[in-house]
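The values are calculated or read from the model by the stated rules, or taken from the named source; none is laboratory data. Remember, predicted model here, so these are calculated numbers, not experimental data. Cβ: placed from backbone, ideal geometry, glycine included. Neighbour counts: every protein chain shown. These accessible areas exclude ligands, DNA and RNA; they are computed on the full protein's heavy atoms, side chains included. Shrake-Rupley method; radii C 1.70, N 1.55, O 1.52, S 1.80 Å.
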Amino acid sequence: MSLSTRLKAHLDEYENEMISVRRQLHGYPETLFEVERTAAIVARHLEAWGIVVRRGVGKRFKAGVIGSLHGSQPGRTIMLRADMDALPIRELSDKPYRSQREGFMHACGHDAHTAMLLGAAYALSKERLCLRGTVLFVFQPAEEGALPCPEDGSLVSGSRDLIDDGALGDAELGFALHVWPDLPTGKIGLREGYMMAASSHFTYKFRGLTGHHAAPHLAADALMMTAQFAIEAKTAVATQWNPLVPVVLSFGMMHAGEVQNAIADEGVVKGTFRTFGQDAILGLKSMLEQRAESVTQSFGGTYASRYRLGTALLNDAGAVRIAAKAVTESGAEVQWLETPSLAGEDFALYAEQIPCVFAFLGIRNETLGIVHPLHHPCFDVDEHALKIGAALHLSFVLEALSQADEA
């Protein structure tokens, strides 16, 4: 029996456990770097299979888990990554495994990503004596956002925190996947080059001068600054930005004032923009800064801004070829994508360091009602896709290692 066949048999054996783990994680979602329970579950599974585990990975927040599986002979190191964090979204579902934490849910499928990578780790651990090389299983917090660094206040996402703590080691090639409701179960979305956009996050704080509504000329209205900035920023993108360069600018939160009958002295607006390429990223930031400066001059206030500039996810051509062959070997079907997604993904930071490929895993099943988009309160995954995703991890590792042997 071939190694590939034996791995698939181990995966068949573990499939029900994969579903159980996914549902366990779905029922207790954790966000950003606060993933202690999830990380502990991951670490316990890996340790039970004899995989070397490093807990508390992360230079600042120490929330990641990395498992290292060393084959019986030396060879290249392959990195597989899954994200663990959920979202502050209230789940609207009657499923028995629905979120038990009100106001939080796995609306982006990271519970499925974690379960699939555990499935691959289980199968590979059974065949370590037949492996040449090392597999790193990277379980990352805070893909959905970032927190201020305790040292300097800069915004840090999970991948940045792990990379700065040496998570990649001597990895030569990286792979990750993301459940994708636009594709039917069994299809794997791939493309070379840009796969996902750079998602940049920003906060603008406007300072004015409070006063009575009866004497607006003696005050500087921060509420008006905040609202005007949002309008002018959207207008600038619509009228001054090159329409041939993709961009999406969105505001997610706005707040100003505390009293109904007093002029606000502070306003805050938060949002994101998505585009491709460093020139576009810096150009859009400059445009927003110009709008903020103009607004504060008009109203007699001041502003301060804070950014976490994103990185576009770039799929390496050689890694894509390995992944495409791995898809066929796993029994799934490649769907070649014509255009990248404007959604962001901080796996892009790994892809800056080593050749990587990021794939979309189809989970759409209209018969089961699995049709809702990512970040929707009714989002769910077709659990038949869990074994498909885990098998793709396995096939990618085998293909990557075999190509190294041939070289």
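A few notes on this one:
- Any chance Ser72 is free of Cβ contacts under 8 Å to residues at least 12 places away in the same chain and either surrounded by fewer than 22 Cβ atoms within 10 Å (Cβ to Cβ) or within 29 Å of Gln100 (Cα to Cα) (or both): no
- Test: residue in the stretch 46-67 that is part of a helix (DSSP H, G or I), farther than 23 Å from Phe175 by Cα and open to solvent by 30 Å² or more (accessible area, probe 1.4 Å): yes
- Selection status of Gly103, open to solvent by 10 Å² or more (accessible area, probe 1.4 Å) and either under 20 Å from Phe358 (Cα atoms) or touching a Gly at 6+ places or on another chain (Cβ under 6 Å) (or both): no
To keep it simple, each residue is scored yes or no on (1) at pLDDT below 95; (2) over 30 Å from Asp170 (Cα atoms).
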site	(1), (2)
Cys356	no, no
Ile363	no, yes
Glu366	no, yes
Ile388	no, no
Phe396	no, no
Ser402	yes, no
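- Strands (runs of 3 or more DSSP E) completely within the stretch 273-355 that count 2 or more residues being farther than 25 Å from Asp152 by Cα and open to solvent by less than 20 Å² (accessible area, probe 1.4 Å): 313-315
- Residue within the stretch 254-262 that is open to solvent by 60 Å² or more (accessible area, probe 1.4 Å), touching a residue at least 40 places away in the same chain (Cβ under 8 Å), assigned to a strand (DSSP E or B) and not polar (S, T, N, Q) present: no
- Qualifying residue in the stretch 92-100 (condition: among the polar types (S, T, N, Q), touching a helix residue (DSSP H, G or I) at 6+ places or on another chain (Cβ under 8 Å) and open to solvent by 20 Å² or more (accessible area, probe 1.4 Å)): yes
- All positions within the stretch 81-101 that are at pLDDT 95 or above, under 12 Å from Pro377 (Cα atoms) and assigned to a loop (DSSP other than H, G, I, E, B): Pro88, Ile89, Arg90, Glu91, Leu92, Arg98, Ser99
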